[in-house]
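Report on the following structure.
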Amino acid sequence: MTDPCPKRVVLSALSHAPDFSGIQILPRLNSNASHIFQCWLDRSGLALGFFRQLQNHNIAIPKDWHQALEQRWLKNTERMQGMLAEAQHLHNTFRSFAVTAVCLKGFTLTPDFCDDPFVRHQVDFDFLVAPSSVHAAAEALRFCGYSAARLNEEGETCFRTASQHIPSANDDLYVPQAQRQVDLHTSIWEPCAWLRVEVPQDCLKYARPHSNHGMECLSLSLEDKFLVQVLHAFRHALHPWLRVSWLLEIGKCLDKHQENTTLWNRVIHRAGSTHLAKSIFGFVLGLVHRLFHTPIPAPLGLWTENAITVSLRVWLDHFGVDWALCDWPGSLNNLFFACDFIPDPDLRKQYVRSRLLPGKAPLSLGSRPKAGAPKFLQWQAARLRYVAQRAAAHLKDLLALPWQSFRWRRALESSRRLTFDATG
């Protein structure tokens, strides 16, 4: 992990009670340390929110840093304007094909999770449709120029537009996309091999109109939006890495509706009464609290209190923040809380094995360009570079795992001793 100090400065600036006292330790813009930090700032999704926070509080930073962050905001504004227009086109097409499609996440997070869509980095479009509408929705997307290798009638299907662009690590995240992507869902939780999460299947019933900078669409109810955000963060927490901005947005919603007991009771009702649901919420909200010091509303705190085990609390206290701040492609340290969510030993072994010995690294290079041999060879070379980068990072993490396991055991033993002393 690279120097965590500048990362913690960003967290402090974006926290429930903003603290800008560490701003002066930001690395010099053109240094190697700054390049690594900027990569994390962009991939974490915090760069634009950090810039807006500095503006809102009139915090002065070096001119070159101000210009670098401002350029990101200007480019992302143009990018998001194009995405808003495309989202409206998609919604109009769905309607013309008699498909009720509800927008998940993205623009609909404004204003409850994010004040302005232009200060968040959105990658793709997510839509929820009824299982009976999957084929009609697929036809609508094909009409708009999107295609999918295979249609999944019971889960997520990824549609992409054609592109001749060869992705690379040097691509600018904030410029208009060379290739657009739509993820079509039939549920707010996709099937998972290691655990079964019970979620409401009637979210479409409670959908409501949403307007954002002239774009009109359908969105989830606020309680279902919150549920989706928590589940989305948790699902990524089962993998090596998640975007810290997703946790920040959950924290923003907690802050904005802190005293809205009626809302939180509706969220609890929609989440269900299973121990797993309580554990998931306790974990995600615990991570949000430790990163941004966001108070947890009383109804949620009481509901999740008994679901936080000693081991899960130890992980959150000793590993949570460092894991959330790790550089892409992530860390194996989240393996230590697997027993809290995957109680079945055989399934847990499968999960751990899949993390330690991934058979196929997930690729994010988009669809293969349909062109001649030179373009195909360029794409294959980019793919090999990507896989090599992931493999090198994974090997480094594997070598560090024995030391991290020792830290984990020591933290657990220390916690148990303290508990024994307190009760003895």
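The values are calculated or read from the model by the stated rules, or taken from the named source; none is laboratory data. Predicted model only: the values in this text are computed from it and were never measured. A quick note on method: Cβ atoms are made from the backbone with ideal geometry, for glycine too, and the neighbour counts reach across all protein chains shown.
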**Message:** Restricting to segment 172-214, name every residue that is among the basic types (K, R), part of a loop (DSSP other than H, G, I, E, B) and farther than 25 Å from C144 by Cα.
**Reply:** R196
**Message:** Condition first: of a type in the set (A, V, I, L, M, F, W, C), loosely packed, with under 11 Cβ neighbours inside 10 Å and modelled with pLDDT of 90 or more. Now tell me which residues in segment 373-418 satisfy that.
**Reply:** L395, L399, W403, F406
**Fill in**
Out of (1) within 15 Å of H91 (Cβ to Cβ); (2) among the small types (G, A, S); (3) crowded, with 16+ Cβ neighbours inside 10 Å, the one S211 does not meet is (3)
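Of the residues T262, T274, which is free of Cβ contacts under 8 Å to residues at least 24 places away in the same chain and loosely packed, with under 15 Cβ neighbours inside 10 Å?
Numbers: T274 fails: free of Cβ contacts under 8 Å to residues at least 24 places away in the same chain.
It is T262.
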**Request:** Only residues that are among the aromatic types (F, W, Y) and under 18 Å from H89 (Cβ atoms): list them for segment 103-132, please.
**Result:** F107, F125, F127
**Asked** Just a yes or no: is a residue in segment 61-76 surrounded by fewer than 15 Cβ atoms within 10 Å (Cβ to Cβ), of a type outside the set (D, E) and not in a helix (DSSP H, G or I)?
**Response** yes
**Request:** Scan segment 281-308 for residues that are crowded, with 19+ Cβ neighbours inside 10 Å and touching a residue at least 60 places away in the same chain (Cβ under 8 Å) and jot them down.
**Result:** L291, F292, T294
**Asked** Which one is farthest from the chain's Cα centre (by Cα) among residues in segment 135-160 that are in a helix (DSSP H, G or I) and surrounded by 20 or more Cβ atoms within 10 Å (Cβ to Cβ)?
**Response** A140
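Considering only residues that are out of contact with any Gly (no Cβ under 6 Å at 6 or more places or on another chain) and surrounded by 20 or more Cβ atoms within 10 Å (Cβ to Cβ), look in segment 119-132 and name the one that is farthest from L218 (Cα to Cα).
Just the residues of segment 119-132 that are out of contact with any Gly (no Cβ under 6 Å at 6 or more places or on another chain), to begin with: 120, 123-132.
Applying the additional criterion that residues be surrounded by 20 or more Cβ atoms within 10 Å (Cβ to Cβ) yields 120, 125-129.
On the way: R120: 20, F125: 13, D126: 12, F127: 10, L128: 10, V129: 11 Å.
Among residues in segment 119-132 that are out of contact with any Gly (no Cβ under 6 Å at 6 or more places or on another chain) and surrounded by 20 or more Cβ atoms within 10 Å (Cβ to Cβ), the one farthest from L218 (Cα to Cα) is R120.
If we keep just the residues of segment 111-134 that are assigned to a loop (DSSP other than H, G, I, E, B) and of a type in the set (D, E, K, R), which is farthest from F97 (Cα to Cα)? Reasoning before the result, please.
Quick first cut of segment 111-134, residues assigned to a loop (DSSP other than H, G, I, E, B) only: 111-116, 120-124, 129-130.
Filter again for of a type in the set (D, E, K, R), leaving 112, 115-116, 120, 124.
Working: D112: 30, D115: 32, D116: 31, R120: 30, D124: 21 Å.
So, considering only residues that are assigned to a loop (DSSP other than H, G, I, E, B) and of a type in the set (D, E, K, R), the one farthest from F97 (Cα to Cα) is D115.
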**Prompt:** Among the residues of segment 87-110, is any surrounded by 17 or more Cβ atoms within 10 Å (Cβ to Cβ), touching a Ser or Thr at 6+ places or on another chain (Cβ under 9 Å), touching a residue at least 60 places away in the same chain (Cβ under 8 Å) and in a loop (DSSP other than H, G, I, E, B)?
**Reply:** yes
**Request:** Within segment 37-51, count every residue that is assigned to a helix (DSSP H, G or I) and buried (at least 18 other Cβ atoms within 10 Å of the Cβ).
**Result:** 10
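Which of the residues that make up segment 10-23 are in a loop (DSSP other than H, G, I, E, B) and touching a residue at least 40 places away in the same chain (Cβ under 8 Å)? Give the steps one after another, and end with the answer.
Restricting attention to segment 10-23, the residues satisfying the condition of being in a loop (DSSP other than H, G, I, E, B) are 14-22.
Those that are in a loop (DSSP other than H, G, I, E, B) and touching a residue at least 40 places away in the same chain (Cβ under 8 Å): L14, S15, H16, A17.
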**Message:** Between a residue in segment 157-186 that is over 13 Å from V123 (Cα atoms) and in contact (Cβ under 8 Å) with a residue 12 or more places away in the chain and any residue that is surrounded by fewer than 16 Cβ atoms within 10 Å (Cβ to Cβ) and acidic (D, E), which pairs come within a Cβ distance under 9 Å, given they are 6 or more apart or on different chains?
**Reply:** H165/D171; L184/E156; H185/E156; T186/E153; T186/E154; T186/E156
**Message:** What are the pairs with Cβ atoms under 7 angstrom where one residue, in segment 24-36, is part of a loop (DSSP other than H, G, I, E, B) and the other, located anywhere, is buried (at least 16 other Cβ atoms within 10 Å of the Cβ) and small (G, A, S)? Sequence gap at least six, or different chains.
**Reply:** P27/S34; R28/S34; L29/A68
**Request:** Would you point out which residue out of V119, V129, V123, V175 is over 30 Å from N56 (Cβ atoms) and aliphatic (A, V, I, L, M)?
**Result:** V129
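Confirm whether D126 is touching a residue at least 40 places away in the same chain (Cβ under 8 Å) and in contact with a helix residue (DSSP H, G or I) (Cβ under 7 Å, 6 or more places away or on another chain). Write out each step before concluding.
On the way: touching a residue at least 40 places away in the same chain (Cβ under 8 Å): yes; in contact with a helix residue (DSSP H, G or I) (Cβ under 7 Å, 6 or more places away or on another chain): yes.
Judged against the criteria, D126 is a match.
Inspect all residues belonging to segment 174-186 and state whether any of them is hydrophobic (A, V, I, L, M, F, W, C), over 21 Å from the mean Cα position of the chain (by Cα) and surrounded by 13 or more Cβ atoms within 10 Å (Cβ to Cβ). Full working, then the answer.
Kept after step one, since they are hydrophobic (A, V, I, L, M, F, W, C), are these residues of segment 174-186: 175, 178, 182, 184.
Still in the running and over 21 Å from the mean Cα position of the chain (by Cα): 178.
Checking the rest, the ones that are also surrounded by 13 or more Cβ atoms within 10 Å (Cβ to Cβ) come to 178.
Taking every residue of segment 174-186 in turn, at least one turns out to be hydrophobic (A, V, I, L, M, F, W, C), over 21 Å from the mean Cα position of the chain (by Cα) and surrounded by 13 or more Cβ atoms within 10 Å (Cβ to Cβ).
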